[in-house]
Amino acid sequence: MEDQNAVTMVRLYLPQEGHSARKTQMERVLHFLRDQLNVHEVTILTGLMEAQERHKPHYETVTDVLRRNPDPPAVIEFFCESEVTVSTWKKLFELVPDGELVHWQAKCLKAPL
């Protein structure tokens with residue numbers, strides 16, 4: 001029996017390529033999610049720095065962080081009620097060639113009315 005609450009949770013990490021390039025990538029991904037996967041809820045997260053950076057940061061305030069990194073890393077997070085296929089991953093990587101993708105199975109619970 002299929003679980004009606006089952007979803008696939010996805011995080012797509014966008015590379016720090018400059019604000020305009022990443023904005024274009026985000027727009028393409030959002031159009032794909034809306035038009036092809038019928039995803040209606042998407043969260044875009046921005047970070048302070050990428051974990052791949054080798055130096056150990058010493059930030060005193062959030063303002064210092066933003067001054068040093070005016071183009072923070074971004075993550076697009078969404079979930080799909082349908083089974084996500086390999087072709088979906090391929091399309092996402094076409095839209096964000098240097099991106100990284102993490103996914104896992106989860107349950108979507110909604111508050112009772």
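The values are calculated or read from the model by the stated rules, or taken from the named source; none is laboratory data. Quantities reported herein were computed from a predicted structural model and do not represent experimental measurements. Quick reminder, even Gly has a Cβ in these numbers, built from the backbone with ideal geometry, and neighbours come from all protein chains shown.
Pairing each residue of the range 35-59 that is hydrophobic (A, V, I, L, M, F, W, C) with any residue that is surrounded by 11 or more Cβ atoms within 10 Å (Cβ to Cβ) and at pLDDT below 55, provided the two are 6+ apart or on different chains, yields C-beta distances under 9 Å for Leu48/Tyr59; Met49/Tyr59. Beta carbons closer than 8 Å, at least 6 apart along the sequence or on distinct chains, never pair a first residue in the range 97-113 that is on the phi < 0 side of the Ramachandran plot with a second that is acidic (Asp, Glu) and assigned to a strand (DSSP E or B). How about the range 93-113: which of its residues are in contact with a helix residue (DSSP H, G or I) (Cβ under 7 Å, 6 or more places away or on another chain) and surrounded by 15 or more Cβ atoms within 10 Å (Cβ to Cβ)? If the condition is that a residue be in contact with a helix residue (DSSP H, G or I) (Cβ under 7 Å, 6 or more places away or on another chain) and surrounded by 15 or more Cβ atoms within 10 Å (Cβ to Cβ), then Leu95, Val96, Gly99 are the ones that fit.
In the set Val29, Val86, Val75, Val62, only one residue is over 24 Å from Ala6 (Cβ atoms) and either exposed (fewer than 13 other Cβ atoms within 10 Å of the Cβ) or at pLDDT 85 or above (or both); that residue is Val62. Would you pick out the residues in the range 89-113 that are among the charged types (D, E, K, R) and under 16 Å from Ala6 (Cβ atoms)? Lys107, Lys110, listed by residue number. There is no residue in the range 11-21 that is surrounded by 10 or more Cβ atoms within 10 Å (Cβ to Cβ), modelled with pLDDT under 70 and closer than 26 Å to Lys107 by Cβ.
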